[in-house]
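Trainee: Could you have a look at this structure, given as C-alpha cells, before my questions?
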Amino acid sequence: MKLPPVLREGFTTGSAATAAAVAAFRARRGGVTPDAVTLLLPGGGQLTVPVATAEPGRAVVIKDGGDDPDVTSGAAVVVTLREPPFAADPRDYVEPCGAGVLTLRGGVGVGVVTRPGLAVPVGHWAINPGPRRMLRENLRAAGFGSDPEALLVEISVPKGVELAAETLNPTLGICGGISILGNSGIVRPYSHAAYAATICWQLRQLGVERRAVAALVTGNRSAAAIQRDYPDLAETQIVRIGDYIQVAVRAAARAGLRRLIIGCMAGKLFKYACGLGNTHAHRTRQELARLREFVAELPPGAAPERCSGMSELAAAIGPEAFRRVVIELVPAAKRALRNWGPELELEFAVYDETGERIE
C-alpha cells in the first residue's frame, strides 16, 4: 500500500509571538541574540522556531505555516518588551508569571474582539488563551519572574490589517488585524489535498486491521476530548480529518468500518447539517439563518441572522438553550453524512471551546 506524501508541519502565530518574546528577553537580559528559540509546548514536547532578528527588547519571527495554506504564513511577528512605567490600556491582559507580572498587549496588525462568543472577552486584544499561556510559561523558563518585576509584551504584525481581510475575522467581530492563535503551538496541514490522501490511507489501514470503529476529529481539542471520553479507542483509531468530512466518511465506508464517532465543535456540526463536504472557513461560512431548517423552535431571543457563528449564538442564548439547539442539529447532521456512508452507524460527540461535552 503506497503511503501518501508527508506534509511539512509549521508553527502558529502564538508560537511565533512566544519565540520572539523569549528572544527579545534573552537579548535584553543576557546580551545574547539567538537565531532560534526552543519552546516548551502546551501539550508537552518542544519546538524550535527560527528567529529572524533579535536585539535587546525586540525580536522578529517569520510565521511559517508549513504546507498548510495559511494566509499568515510568511508574515513578520514582532515583539517589543518594555519595563514600567507604561500607560495602562483596558484591552490588555495583566497576568502573573512567577513572582512577576506580564502585561500582554496587541500592537499594529493585531485585532480587538468586538462581539461575544469567542475565547477572548469583548474589548480585549485577539490574543487567545493558549498563546498567552505559552508566553507566560516560556518567559518563566527563560528567567522572568524569578524576582518581583513587571514587563510589557507588545505583539505586532505589520501586515496584519491586510491579512485579516482574507480571514473570517471581520465577520466574527475581530477588528483591526489578525488573531494570535494556537492551542498546540504547531500547525498541522489539514486543508491540503495530500492531507485528504492521508485520511483515506489511515481509514483503509483500520479496515485492513479489521477495526470496526473510528473516531473522526477536526483538530487537537476534539482529539484530546475524544481520547478522554472514549479511552478504549487506540490512538490509530482517532483520525484527524480537519475539514474533509465527506472524504473521511466515504473512505470509512469503503474500508468496511461499521461505526464512526464524529468529534467536533458546534460550528462544524452546523456545517455538517447543511451538507457541506468541505468545511474550510475560506470555502464555507456559517449561514446561521439556515438553523430554522433544522431546529423546530429556536429559543426566545435567538436571532441567528445577526450572529457571526455558533459561538456568538451560544453567548447570546446561554448554555442550556444552546445545548437544545445542538441536540436538534445532530439528526440533521447524521442525515447529511449518511449520503456519503449509508451503512455506517454514526455517533456525534460535540464539544465547546474548553473541551467540555455539549452532546
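The values are calculated or read from the model by the stated rules, or taken from the named source; none is laboratory data. None of these values were measured; they are calculated from a predicted model. Heads up, the Cβs are rebuilt from the backbone with ideal geometry, glycines too, and the neighbour counts pull from every protein chain shown. Heads up: the accessible areas ignore ligands, DNA and RNA and are worked out on the full protein's heavy atoms, side chains in. Shrake-Rupley method; radii C 1.70, N 1.55, O 1.52, S 1.80 Å.
Trainee: Just to be sure I understand: with springs between alpha-carbon atoms less than 10 Å apart, which residue in Pro90, Pro34, Pro342 has the highest mean-square fluctuation in the Gaussian network model of the chain?
Mentor: Pro90
Trainee: State whether segment 135-293 is rounded, prolate or oblate according to the following rule on the C-alpha gyration tensor (a ≥ b ≥ c being the square roots of its eigenvalues): a/c under 1.5 gives rounded; otherwise a/b larger than b/c gives prolate, and the remaining case gives oblate.
Mentor: Cα axes put segment 135-293 in the oblate bin.
Trainee: I've got another one for you. According to a simple spin-label model (label point 7 Å from Cα along Cα-to-Cβ), what is the distance in nm between Asn278 and Arg133?
Mentor: The modelled label-to-label distance comes out at 3.2 nm.
Trainee: Based on DSSP H runs of at least 4 residues, each adding -39500 (n - 2.57), what is the mean residue ellipticity at 222 nm of the chain after dividing by all its residues, to the nearest 500 deg cm²/dmol?
Mentor: -10000 deg cm²/dmol
Trainee: So what is the relative contact order of segment 192-349, in percent, for Cα pairs below 8 Å that sit 6 or more residues apart?
Mentor: 27 percent
Trainee: What does the C-alpha gyration tensor say about the overall shape of segment 196-247? Classify as rounded when a/c is under 1.5, otherwise prolate if a/b is larger than b/c, or oblate.
Mentor: It comes out oblate by the Cα gyration axes.
Trainee: Antiparallel DSSP bridges in segment 218-359: what percent, to the nearest 5?
Mentor: If I count the DSSP bridges inside segment 218-359, around 10 percent turn out antiparallel.
Trainee: If you don't mind, another one. Out of all DSSP beta bridges in the chain, what portion is antiparallel? Express it as a percent rounded to 5.
Mentor: 55 percent
Trainee: Can you give me the % of accessible surface on segment 95-197 that is carbon or sulfur? Probe 1.4 Å, all protein chains present, nothing else counted.
Mentor: So the carbon and sulfur contribution to the accessible surface is 60 percent.
Trainee: Moving on to the next point. Find the relative contact order for the chain and round it to a whole percent, using C-alpha pairs within less than 8 Å whose residues are 6+ positions apart.
Mentor: After rounding, I find 16 percent.
Trainee: Rank Val49, Val94 by accessible area, highest first, at a 1.4 Å probe radius?
Mentor: Result, largest first: Val94, Val49.
Trainee: While we're looking at this one, here's another question. Out of the chymotrypsin sites (Phe, Trp or Tyr not before Pro) in segment 57-132, which ones are loop residues according to DSSP with at most 14 other C-beta atoms within 10 Å?
Mentor: Qualifying residues, ordered by number: Phe86.
Trainee: For segment 1-93, what % of the accessible area comes from carbon and sulfur atoms, probe 1.4 Å?
Mentor: 54 percent
Trainee: Right, something else. Computed from these coordinates, which is mean projected area of the Cα convex hull in nm²: [x] 26.0; [y] 18.3; [z] 20.9?
Mentor: Matching entry in [x] 26.0; [y] 18.3; [z] 20.9: [y].
Trainee: Label points 7 Å out from Cα along the Cβ direction at Glu343 and Glu149: separation in nm?
Mentor: 6.5 nm
Trainee: Here is a follow-up. Could you sort Asp67, Asp147 by their accessible area in this structure, using a 1.4 Å probe and putting the largest first?
Mentor: Listed by decreasing accessible area, they come as Asp147, Asp67.
Trainee: Now for a different question. Can you give me the accessible area per residue for the chain, using a 1.4 Å probe, in Å²?
Mentor: 44 Å²
Trainee: Label-point separation (nm) for Gln205 and Arg292, each offset 7 Å from Cα along Cα-to-Cβ?
Mentor: 4.7 nm
Trainee: Next up: Note down the magnitude of the dipole of segment 281-359 about its Cα centre, charges +1 on Lys and Arg C-beta and -1 on Asp and Glu C-beta and zero elsewhere, to the nearest 20 debye.
Mentor: 300 debye
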